[in-house]
1. I need the shape label for the chain. Rule: rounded when a/c is under 1.5, else prolate if a/b > b/c, else oblate, with a, b, c from the alpha carbon gyration tensor.
2. Counting only protein heavy atoms and a 1.4 Å probe, tell me what percentage of the chain's accessible area is made up of carbon and sulfur.
3. Identify all lysines with a Cα-Cα distance to LYS38 below 22 Å; exclude those on the same chain that are fewer than 8 residues away in sequence.
4. How much length, in nm to one decimal, is gained on full extension between ALA2 and VAL85, taken as 0.36 nm per residue of separation minus their Cα-Cα distance?
5. Would you list THR37, THR82 from the most to the least accessible area, probe 1.4 Å?
6. If the chain between GLN14 and TYR48 were fully stretched, how many nm would it gain, using 0.36 nm times the residue separation less the Cα-Cα distance?
7. Heavy atoms of the protein only, probe of 1.4 Å, neighbouring chains included. What is the accessible area of ARG76 in Å², nearest 10?
8. Restricting to DSSP H runs of at least four residues, report the calculated mean residue ellipticity at 222 nm for the chain, -39500 (n - 2.57) per run over all residues, nearest 500 deg cm²/dmol.
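The values are calculated or read from the model by the stated rules, or taken from the named source; none is laboratory data. Just so it is clear, the model here is predicted, and its values are computed rather than measured. Ideal geometry is used to build each Cβ from the backbone, glycine not excepted, and the neighbour counts take in all protein chains shown. Heavy atoms of the whole protein, side chains included, go into the accessibility calculation; ligands, DNA and RNA do not. Shrake-Rupley method; radii C 1.70, N 1.55, O 1.52, S 1.80 Å.
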Amino acid sequence: MAEIIKETIAGVMQRLEKKQGRGQEENPQQFLGKIFTKKELGHVALHYFHKGILAVRVDSSGWLYALSLKKEEKLRKLRAKTKVVIKDMRFSLGESR
């Protein structure tokens, strides 16, 4: 009886691990390199990625404004280059590195 329970629990844990890993094949930090230019990368940093929301810190208000204008273009590019579902990208002022 104990062996059956042990096998069942192991099977459930394996399925949970696979389910949690699905759609997360890529590291969110890699997203930045796919959509920002080298110059832009010097001014941005990943803040968090949660439930399809990619939050990016920007080091100055000028860059915040410039990147906000390019938001839709960047989202379109990111969605084309990754398998992960990206619902939105949010920029905020803060330290980039």
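1. Working: a/c = 3.79, a/b = 2.88, b/c = 1.32.
It comes out prolate by the Cα gyration axes.
2. Numbers: 3860 of 6900 Å².
Carbon and sulfur: 56 percent of the exposed surface of the chain.
3. Once the sequence-local lysines are set aside, what remains near LYS38 is LYS70, LYS71, LYS74, LYS77, LYS81.
4. 25.8 nm
5. Working: THR37 70, THR82 15 Å².
Ranking THR37, THR82 by accessible area, largest first, yields THR37, THR82.
6. On the way: separation 34, 0.36 × 34 = 12.24 nm, distance 2.66 nm.
This chain segment gains 9.6 nm when fully extended.
7. 150
8. Details: 5 runs with 52 residues, N = 97.
It lands at -16000 deg cm²/dmol.
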